[in-house]
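Please read the structure below before turning to the comments.
Read-outs: derived from the displayed coordinates by stated rules, not from any lab. From a predicted model like this one, the values you see are computed outputs, not experimental measurements. Cβ: placed from backbone, ideal geometry, glycine included. Neighbour counts: every protein chain shown.
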Amino acid sequence: MSDNYNHLIPQAADRFTFGLWTVGNRGRDPFGDAVRPPLSPIDAVRELSRLGAQGVTLHDNDLVPMEASQEQRNQIVRDFKMALEDYHMQVPMVTVNLFYDPVFKDGAFTSSAPWVRRFAIDKAKRAMDLGVELGAGIFVLWGGREGAEVEASKDPRDALKWYREGINALTEHILTQGYSMRIALEPKPNEPRSDIYLPTVGSMLAFIHTLSHPELVGVNPEVAHAKMAGLNPVHEVAQAIDQGKLFHIDLNDQRIARFDQDLRFGSDDIKGTFYLVKLLEDSDYQGPRHFDAHAYRTEDVAGVWDFARGSMRSYLAYREKVRQFYQDQEIQGALRRIQDLNREKSGMEDESALNWWRERGYAYEELDQLVTELLLGLR
Ligand code: GCO
Ligand code: MN
Ligand code: MN
């Protein structure tokens, strides 16, 4: 993809990041095994840096295998930090894997077994320590298996209480260690569990207010997760921004009423993606633009880098469309006409004003068509 679109070349200031697990995804699904070779964290750092990303993110075990000794762990972290330095890459966020080990099959913080809950909290604390060592300011927590199939197995109120205790233990850890780290909770409605607790941004936000240190906890909305719940990701993210709680964001794409697809950002819902990028760019969100998606299973290694390059390039292309939206005379004219009418009629007497508003049209058809044509490249 060589062309003259210099504005589509990612820069460090764009703050694009990828999870090690995204470019490292080997195409396994419930019906078929891996189709791509493993990718080492250091190779991921080198290639992503070459493509213009600013950083990588990781689960504890994406970098340090679960069975590594303390000595092995330290060596791995040392080598990884060296690679980060060599390739000028950052690690703004780390997370913890609380779903792969069979011990978490009934959840981690919400497991019915106190021993498992304790183990999960300790593992999360160690992942936070690792994050601090790598310079991360955000700790994402995705409760992959914090859910249930059998409602009889536990009272959901207990599950919420245990969940709260877990997160309180983590904020306590931040405070006692003097870390400048904040937690971002990532909601998802289902998959791999039948139902996951706290399935939407709204439920997470309400839950955060019940924690001991709500000021340290925000959300990490994901486009695909909102769509899986049948919701509008733009409105989910807007509510997080409105509450000052957008600490991080997972960008990808997803069709409604499908399995968890993790499609490349902006590859499916063009209009929805446009409004999401517009919202992020219009807001004061300064955090990473983090891609949590993976290449199609049809792809080989080259396809993985096409996926990574395409994710960033698409974000920049949408951002360019946002700029055009603000510069388009007709679009801005249509918006101004609507606003002028609103102002003009606000001086009328109540009853006649209301009647006027009952009869008038808002001309949103015209506006929407203009935006559609902008996105289709007709303007
Ligand atoms: C998923 C989630 C994960 C999390 C990741 C970070 O659907 O599997 O989106 O990719 O984002 O585990 O916590
Ligand atoms: Mn996801
Ligand atoms: Mn995610």
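Points to keep in mind about this one:
- Sorted by Cβ neighbour density within 10 Å, fewest at the top, the residues Trp115, Trp357, Trp162, Trp21: Trp115, Trp357, Trp21, Trp162
- Our summary gives the range 32-170 a relative contact order of 25 percent, counting only alpha carbon pairs under 8 angstrom and 6 or more residues apart.
- The chain - mean residue ellipticity at 222 nm from DSSP helices (-39,500 (n - 2.57) per run, n ≥ 4, rounded to 500): -15000 deg cm²/dmol
- Distance between modelled label sites at Arg118 and Gln369, nm, 7 Å Cα→Cβ extension: 6.8 nm
- Taking other Cβ atoms within 10 Å as a rough exposure proxy, Tyr163, Tyr179 sort from fewest to most as Tyr179, Tyr163.
- Length added when fully stretched, Tyr5-Arg157, from 0.36 nm per residue minus Cα-Cα: 49.4 nm
- Stokes-Einstein D for the range 242-379, Kirkwood Rh over Cα pairs, 10 °C, 1.306 mPa s (µm²/s): 89 µm²/s
- Relative pair counts by distance (%), Cα atoms of the chain, 10 Å bins: 5, 21, 31, 24, 11, 6, 2, 0
- Between the range 319-379 and the range 101-168, the Cα center-to-center distance that results, in Å: 47 Å
- Estimated FRET transfer efficiency when R0 is 25 angstrom, pair Phe259-Ala34 (beta carbons, to 0.05): 0.85
- 12 Å cut-off, amide nitrogen to a point 7 angstrom out along His88 Cα→Cβ, residues in the range 275-314: none
- For the range 212-276 versus the range 1-76, the gap between their alpha-carbon centres in whole angstrom: 21 Å
- Taking amide H as placed 1.01 Å from N in the peptide plane, Leu141 has its amide H under 5 Å from the amide H of Ala184, Leu185, Glu186, each at least 5 places away in sequence or on another chain.
- The slack between Trp357 and His209, meaning 0.36 nm per residue of separation minus the straight C-alpha distance, is 49.4 nm.
- Local net charge near Arg36, Cβ-Cβ under 14 Å (Lys/Arg +1, Asp/Glu -1): -4
- Listed pairs Lys81/Lys227; Lys161/Lys245; Lys123/Lys278 exceeding 26 Å between Cα atoms: Lys81/Lys227; Lys123/Lys278
- Straight-distance crosslink candidates among aspartates and glutamates, where the alpha carbon sits under 18 Å from Lys125 and sequence neighbours closer than 8 are dropped: Asp60, Asp62, Glu67, Asp101, Glu133, Glu146, Glu165, Glu172, Glu186
- Per residue Cα convex hull volume in Å³ - calculated over the range 328-375: 54 Å³
- Label point distance in nm, Asp101-Ile338, each placed 7 Å from Cα along Cα→Cβ: 5.2 nm
- Amide H contacts of Gly24 (H built 1.01 Å from N, under 5 Å, at least 5 apart or other chain): none
- Bins of 10 Å from zero: percent of alpha-carbon pairs in the range 1-149: 10, 35, 33, 17, 4, 1
- Each residue in Phe325, Phe31 was given a count of other beta-carbon atoms within 10 angstrom of its own, and listing them fewest first yields Phe31, Phe325.
- The chain, relative contact order [Cα under 8 Å, separation at least 6], %: 15 percent
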